[in-house]
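Beneath this line is the structure, given in structure tokens, with notes to follow.
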Amino acid sequence: MGKTGFSLILAMGLVTLSTSSEKKCILSGAWQNELGSNMTIFAVNKAGQFSGLYLTAVSAAKKPILVSPINGSQHIDSLEQPTFGFTVKWTFSDSTTVFVGQCFVDDHGEETLQTMWLLREKAKSAENNWNATMVGTNIFTRIKGQKVSESMRNDL
Ligand code: BTN
């Protein structure tokens, strides 16, 4: 192989490397969804597990809203656009929400978390079980320039 061929392969390799590193979708950080809810995801460990804090903008409970803890995990074999799931155990109600989703990054490096959720309310009895679970979707975008919120952490 001539010098030109080698240089071409090297250049292609470098382009591939830089493209893949640009496309990594990182879950940790501050996010807001279309309802105005905020969440902060702390560092993701080597096993893909993470914790965080959620401040919902809306609630089905007739109680003052408080910051609530997140626990979840993501796939670490597919760092570019990983799937993930997390639970929010609401501190101000008897309900629990589970979110599942995928972290997408577009050609401009903009990240979104496309999620679906199940919100489970506490039913008074098994007879009332049938309407105790709501389902919906949320899209989260990154809140730029915001570090992991200390005030949210202190509120918990
Ligand atoms: C409750 O109502 O008991 C707890 C708050 C639930 C808030 C839900 S979870 C799904 C949806 N997405 C949000 O950001 N908030 C609502």
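What to note about this one:
- Euclidean distance of C-alpha centroids, segment 82-102 and segment 19-79, integer Å: 9 Å
- Cross-link check: pairs Lys62/Lys144; Lys63/Lys122; Lys63/Lys89; Lys23/Lys46 evaluated at a Cα-Cα cut-off of 24 Å; pairs beyond the cut-off: Lys62/Lys144.
- R0 of 41 Å, Cβ-Cβ distance Asn128-Glu80: FRET efficiency to nearest 0.05: 0.40
- Peptide packing: for 125-134, 42-51, the average count of neighbouring Cβ atoms within 10 Å per residue gives the ranking 42-51, 125-134, highest mean first.
- The mean sequence separation of alpha-carbon pairs under 8 Å and at least six residues apart, normalised by the residue count of segment 29-155, gives a relative contact order of 23 percent.
- The calculated FRET efficiency for the pair Thr137 and Lys46, based on their C-beta separation and a Förster distance of 35 Å, comes to about 0.70.
- Most positive-pole-ward Cα, Pro64, Leu79, Val100, against dipole of segment 29-155 from beta carbon charges: Pro64
- Normalised by residue number, the volume inside the convex hull of the Cα atoms of segment 29-155 is 118 Å³ per residue.
Just so you know, all these numbers are worked out from the coordinates, no wet-lab data involved. Source: prediction; values computed, not measured. Note that we place each Cβ from the backbone using ideal geometry, even for glycine, and neighbour counts take in every protein chain shown.
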